[in-house]
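This report refers to the structure that appears directly beneath it.
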Amino acid sequence: MPEFYDTVKTLDQTIPVDYYLPGCAPPPDLIMNAINAILTGQLPEKGAVLAPNKALCDTCSRNETKPEKISMAEIKRPWEIKIDPEKCFLEQGVICLGPATRSGCGETCIKANMPCRGCFGPVEGVVDQGAKALSMIASILGLDDEEKMTDEDVEKLIEGIVDPAGTVYRFSLPASLLRRKRME
Ligand code: SF4
Ligand code: SF4
């Protein structure tokens, strides 16, 4: 039997990685761009991510409906509501990781009326995608400014995030700075 580890590592924590092609799975146009770059000798600097360096929100067709300020007073799961196919998910109370995720997928999930789960990873400069997503969620949870929330309200709101680690770290837990779950 091979040795078992008590942690899961990313590929680049294990072997040197020349280039990254994000996505689950990477879309054909990005694969084709990468092959063309190899064949024409136009690869960027080693270690680059071969995808646009913009957040998904910046290219999302629903961006215009995303309000400047969002106050999410209740978190809804996609199957709990009839989702408006034109409106930003966050505006509808559904968690979407578009603000914390790199673009380049062609908004596949958004076009299928499902929120982004973050499979493209973070944009350049963000070390921990889950922490970025968590900070985004924390900044929009709550009632409007003038209303005060009780501790019970806060607890109820947070309970609305079923599986918080799975929500923000679905594709990036091994790269998290937190690294592991605290066990009893
Ligand atoms: S949060 Fe999601 S639905 Fe809203 S603009 Fe960003 S990617 Fe689009
Ligand atoms: S919308 Fe998000 S989860 Fe869906 S393919 Fe694009 S990056 Fe991946």
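The largest-to-smallest principal axis extents of the Cα set in region 80-130 are 35, 20, 14 Å. When you filter the trypsin sites (Lys or Arg not before Pro) in region 89-184 for DSSP loop state and at most 16 other Cβ atoms inside 10 Å of their Cβ, you are left with 148, 179, 180, 181, 182.
Once C-alpha pairs closer than 8 Å and six or more residues apart are averaged by separation and normalised to the residue number of the chain, the relative contact order reads 22 percent. Relative to the current alpha-carbon distance between residue 40 and residue 150, full extension at 0.36 nm per residue lengthens the span by 33.5 nm. A Förster radius of 22 Å, combined with the Cβ-Cβ distance separating residue 7 from residue 165, puts the computed FRET efficiency at roughly 0.95. For the cross-link pairs 87/132; 87/148; 9/66; 54/76; 46/87, the ones whose C-alpha atoms lie over 29 Å apart are 9/66; 46/87. Residue order for 128, 58, fewest other beta carbons within 10 angstrom first, comes to 58, 128. The angle separating the long axis of helix 129-140 from the principal Cα axis of greatest extent in the chain is about 20 degrees.
Each Lys and Arg Cβ is given +1 and each Asp and Glu Cβ -1; about its Cα centre, region 1-51 then shows a dipole of about 120 debye.
Inter-label distance, residue 68 to residue 29: 3.2 nm, where each label sits 7 Å from its Cα along the C-beta direction. When Rg is the radius of gyration of the Cα atoms in the chain and Rh is its Kirkwood radius, what does Rg/Rh come to? Value, to two decimals: 1.01.
Charge dipole (Cα centre; +1 on Lys/Arg Cβ, -1 on Asp/Glu Cβ; no other charges) of region 49-184 amounts to roughly 860 debye. Near residue 92, once Lys and Arg are set to +1 and Asp and Glu to -1 for all other residues with Cβ below 12 Å from its Cβ, the sum equals +1.
Only the coordinates and a few stated rules stand behind these numbers; no lab work does. This one's a predicted model, so the numbers in the text were calculated from it and none came from an experiment. Neighbour counts run over all protein chains shown; Cβ positions are idealised from the backbone, glycine included.
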